[in-house]
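Coordinate-derived values only; no laboratory data. Since the model is a prediction, treat every value here as computed from it, not as a measurement. Cβ sites come from the backbone with ideal geometry, for glycine too, and all protein chains shown count toward neighbours.
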Amino acid sequence: MLLEGKNLSFKYKNTDYLFENINISVESGEIVGLVAKSGYGKSTLSKILAGYETPTKGQVLLNGKKLPNKGYNPVQLIYQHPEKSINPRMKMRDVLLEAGPIDYDLIKAIGIEEDWLTRYPLELSGGELQRFSVARVLNEKTKFIIADEISTMLDVITQAQIWNVIIEFVNKRNIGLVAVTHNKHLAEKICNRIFYLEKENRG
Amino acid sequence: MNGRIKLIFSIIATITIILIIALVGILMDEDVLKADFKIKNIEPCLEYPFGTDWMGRDMLARTVKGLSISIVIGLVASIVSAVMAVIIGTLAGTMPKWVDSILGWLIDLVMGIPHLVLLILISFAVGRGIKGVMIGIAVTHWTSLARLVRSEVLQIRNEFYIKLSKKLGKSNIYILKNHILPHLLPQFIIGLVLLFPHAILHEAAVTFLGFGLPPEVPAIGIILSESMKYLSAGKWHLALFPGLSLVAIVLLFEHIGSNIKKVLDPYNAQN
Ligand SMILES: Nc1ncnc2c1ncn2[C@@H]1O[C@H](COP(=O)(O)OP(=O)(O)O)[C@@H](O)[C@H]1O
Ligand SMILES: [Mg+2]
């Protein structure tokens, strides 16, 4: 499968263009880095690729077709802000169940402790929450993952642990992964190729 | 946690008091309410704590009966108007824009007319009596809660986790049931409880003015308006105790409302 962003330009209401004419693509089984300084529009581009925002110009195509409007989106975003990705009034178990049955081996590998499942989001730290938003998209319906700065809230050891789980998962399932980060070294370590969002892309 | 348990205990105790008053009133033997001219015009004493009136009716019994009628009317009217508020507020927040505009206009319209005027009109149209008062109170009191629900729905609809739920393939019904309604539940229950005193006071007010319940019903509004005639004759107790009881019931409901708010919404309480 192929996910492509074609000639993407984007501006928020009342702002200049964040970026113009970007072409970015990722194939099944591939790990692509999206690297830029903070404020350059990585999160915005991530949302566009996963269908949360409509590009001002250009389009996002999955195997040449538009992303589906209904049903499980094969392109899943792990958002930079886990506390916004999780309903504060839901218990963590229900948060996971919303995406499908819980894979207990997987959540253990990702460092989720079982007694967290009965807690509310406010009773967990940002890093702990982030593991839930990662675990949620690691299922057989997901074909592409856009991981937006998922490790910034974690210590180095946990970072490595989580990236290992994700990379093992995408390799096993032939999933395409976009690793979004401002950390060039991290990207160089885990990605097949890297896309830099540069000043020239900015409007 | 200890404070929470105390709050819950206090809520249960208050609800119990109100339930007892309602039950005693509903199950009351009609004979107790009958006139008995042998005992007319007794001042408050041990046997008749609220005294008796010019027809020899026990004022305590009448007051309890009147309060129980008020509580039943208040309960039905608040439930109906709170349910209306949630349905209309949710529709306004989730439907296309033109539906929202029409409902917003309707809310403003009903809000713009003074409650009492609308109540009197509706009581007239439906016919005096309990039914008219209930319908009147229900259709006048849903607006402020509906407006609140609408703005909550509009806000929560834009939350990232709601959009994410859609990307996980969840239907609008699922999102309404699992994300939006649980978010509204505390508002709904608090709104419901706080509607109660309003409903009761308005019931008493229209009845007092002669547009509500018919004179043969021992409603608080009737008791008060009848007693007014005897105030100048020095029969202060006829109005004072029923009036104070009404105020006490209203305060009990306010008390429940504010405690429920603290218990039900720990999320907002923490922020
Ligand atoms: N909803 C919004 N409305 C207007 N401007 C926004 C909005 N969201 C983000 N921005 C702006 O767009 C720019 C890029 O944001 P973002 O995509 O979060 O960048 P990055 O993820 O690379 O740090 C920032 O300057 C930010 O202030
Ligand atoms: Mg970002």
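Here B:T207 meets each of (1) surrounded by fewer than 21 Cβ atoms within 10 Å (Cβ to Cβ); (2) away from chain A (no Cβ under 14 Å); (3) of a type outside the set (A, V, I, L, M, F, W, C) with one exception, condition (1).
Taking A:R89, is it assigned to a helix (DSSP H, G or I), within 14 Å of chain B (Cβ to nearest Cβ), away from ligand 1 (no atom under 16 Å from the Cβ) and surrounded by 15 or more Cβ atoms within 10 Å (Cβ to Cβ)? No, not satisfied.
Would you check if there is a residue in the stretch A:69-84 being within 22 Å of A:V26 (Cβ to Cβ), in a loop (DSSP other than H, G, I, E, B) and more than 14 Å from the chain's Cα centre (by Cα)? Among the residues of the stretch A:69-84, at least one is within 22 Å of A:V26 (Cβ to Cβ), in a loop (DSSP other than H, G, I, E, B) and more than 14 Å from the chain's Cα centre (by Cα), which makes the answer yes.
Which residue out of A:Y120, A:Y104 is more than 16 Å from ligand 2 (Cβ to nearest atom), more than 19 Å from the chain's Cα centre (by Cα), of a type in the set (S, T, Y) and surrounded by 15 or more Cβ atoms within 10 Å (Cβ to Cβ)? Outline the logic, then answer.
Numbers: A:Y104 fails: surrounded by 15 or more Cβ atoms within 10 Å (Cβ to Cβ).
Of A:Y120, A:Y104, the one residue that is more than 16 Å from ligand 2 (Cβ to nearest atom), more than 19 Å from the chain's Cα centre (by Cα), of a type in the set (S, T, Y) and surrounded by 15 or more Cβ atoms within 10 Å (Cβ to Cβ) is A:Y120.
Selection within the stretch A:72-84: residues that are surrounded by fewer than 23 Cβ atoms within 10 Å (Cβ to Cβ) and facing another protein chain (nearest Cβ under 7 Å). The member of this set that is nearest to A:L122 (Cα to Cα) is A:K84.
Evaluate the stretch A:27-43: report whether one residue or more is surrounded by fewer than 22 Cβ atoms within 10 Å (Cβ to Cβ), within 14 Å of chain B (Cβ to nearest Cβ) and within 16 Å of ligand 2 (Cβ to nearest atom). Yes - at least one qualifying residue is present in the stretch A:27-43. Could you go through the stretch A:95-104 and let me know if any residue there is assigned to a loop (DSSP other than H, G, I, E, B), in contact with a helix residue (DSSP H, G or I) (Cβ under 8 Å, 6 or more places away or on another chain), at the interface with chain B (Cβ under 9 Å from one of its Cβ atoms) and under 16 Å from A:V180 (Cβ atoms). The answer is no; no qualifying residue exists.
I need the full set of residues from the stretch A:44-80 which are polar (S, T, N, Q) and within 16 Å of ligand 2 (Cβ to nearest atom), in order please. Let's see the steps before the verdict.
As a first pass, look at the stretch A:44-80 and keep what is polar (S, T, N, Q): A:44, A:46, A:54, A:56, A:59, A:63, A:69, A:73, A:76, A:80.
Correct list: A:T44, A:S46, A:Q80.
Just one of the listed residues (A:L18, A:L45) is at negative phi, within 16 Å of ligand 1 (Cβ to nearest atom) and assigned to a strand (DSSP E or B), namely A:L18. Restricting to the stretch B:35-81, name every residue that is aromatic (F, W, Y) and either over 22 Å from B:P215 (Cβ atoms) or without any contact (Cβ under 8 Å) to a residue 40 or more places away in the chain (or both). Hits for the stretch B:35-81 are B:F37, B:Y48.
Taking the criterion of being within 16 Å of ligand 2 (Cβ to nearest atom), surrounded by fewer than 16 Cβ atoms within 10 Å (Cβ to Cβ) and either within 14 Å of chain B (Cβ to nearest Cβ) or of a type outside the set (V, I, T) (or both), the only residue of the stretch A:1-26 that qualifies is A:Y12. For the stretch A:169-186: of the residues being within 19 Å of A:A50 (Cβ to Cβ) and hydrophobic (A, V, I, L, M, F, W, C), which is surrounded by the fewest Cβ atoms within 10 Å (Cβ to Cβ)? Ranking the qualifying residues of the stretch A:169-186, first place goes to A:F169.
Does B:A92 satisfy the condition of being closer than 30 Å to B:I156 by Cβ and touching a His at 6+ places or on another chain (Cβ under 9 Å)?
The answer is no for B:A92.
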